[in-house]
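Novice: Take a look at this one; I'll ask things after.
The values are calculated or read from the model by the stated rules, or taken from the named source; none is laboratory data. The structure displayed is predicted, hence computed values, not measured ones. Using ideal geometry, Cβ is built from the backbone for each residue, glycine included, and neighbour counts are taken over all protein chains shown. Keep in mind that these areas ignore ligands, DNA and RNA; they rest on the heavy atoms of the full protein, side chains included. Shrake-Rupley method; radii C 1.70, N 1.55, O 1.52, S 1.80 Å.
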Amino acid sequence: MVGLKIKEIRERNNLSREYVAIQMEMSLSQYSKIETENVDLKLSKLDKLVKIIGAKKSELFTLDYK
């Protein structure tokens, strides 16, 4: 669920996966695992990621009811 929120915010801010991966100093494959929730994300990486995509950590943990 957090990975999907990260992807949603990244896309909303018109950022490519490649750009974010470079800023995170990781491969595109490693970054893709974050968005597909195939890796545990350390808090330090999460802090860096939210700054890069222009989000707040709280946004990642809110539920969307549609």
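Novice: State the number of residues belonging to the stretch 1-29 that are assigned to a helix (DSSP H, G or I), out of contact with any helix residue (DSSP H, G or I) (no Cβ under 7 Å at 6 or more places or on another chain) and not hydroxyl-bearing (S, T, Y). Spell out how you get there, then give the answer.
Specialist: Taking the stretch 1-29 and keeping what is assigned to a helix (DSSP H, G or I), we get 2-12, 17-23, 28-29.
Add one more test, that the residue is out of contact with any helix residue (DSSP H, G or I) (no Cβ under 7 Å at 6 or more places or on another chain), and what stays is 4, 8, 11-12, 19, 22, 29.
Now restrict to residues that are not hydroxyl-bearing (S, T, Y): 4, 8, 11-12, 22.
Adding up the residues that qualify gives 5.
Novice: Hey, another quick one. Is it the case, given these coordinates, that K45 is among the basic types (K, R) and at pLDDT below 95?
Specialist: Working: among the basic types (K, R): yes; at pLDDT below 95: yes.
So K45 fits the description; yes.
Novice: While we're looking at this one, here's another question. Show the residue pairs that are 6+ apart or on different chains and have beta-carbon atoms under 9 Å apart, the first residue being within the stretch 1-21 and in contact (Cβ under 8 Å) with a residue 24 or more places away in the chain and open to solvent by 20 Å² or more (accessible area, probe 1.4 Å), the second being of a type in the set (D, E, K, R) and assigned to a loop (DSSP other than H, G, I, E, B).
Specialist: M1/E37; V2/E37; L4/E37; K5/D64
Novice: Looking at the stretch 30-66 only, could you name the residues that are open to solvent by 40 Å² or more (accessible area, probe 1.4 Å), of a type in the set (S, T, Y) and either within 17 Å of I9 (Cα to Cα) or in a loop (DSSP other than H, G, I, E, B) (or both)?
Specialist: Those that are open to solvent by 40 Å² or more (accessible area, probe 1.4 Å), of a type in the set (S, T, Y) and either within 17 Å of I9 (Cα to Cα) or in a loop (DSSP other than H, G, I, E, B) (or both): T36, S58, T62, Y65.
Novice: Still on this structure, I have one more. Given the options E59, E25, name the one that is under 17 Å from V2 (Cα atoms) and of a type in the set (D, E). Break it down stepwise before answering.
Specialist: Numbers: E25 fails: under 17 Å from V2 (Cα atoms).
Going through E59, E25 in turn, just one is under 17 Å from V2 (Cα atoms) and of a type in the set (D, E): E59.
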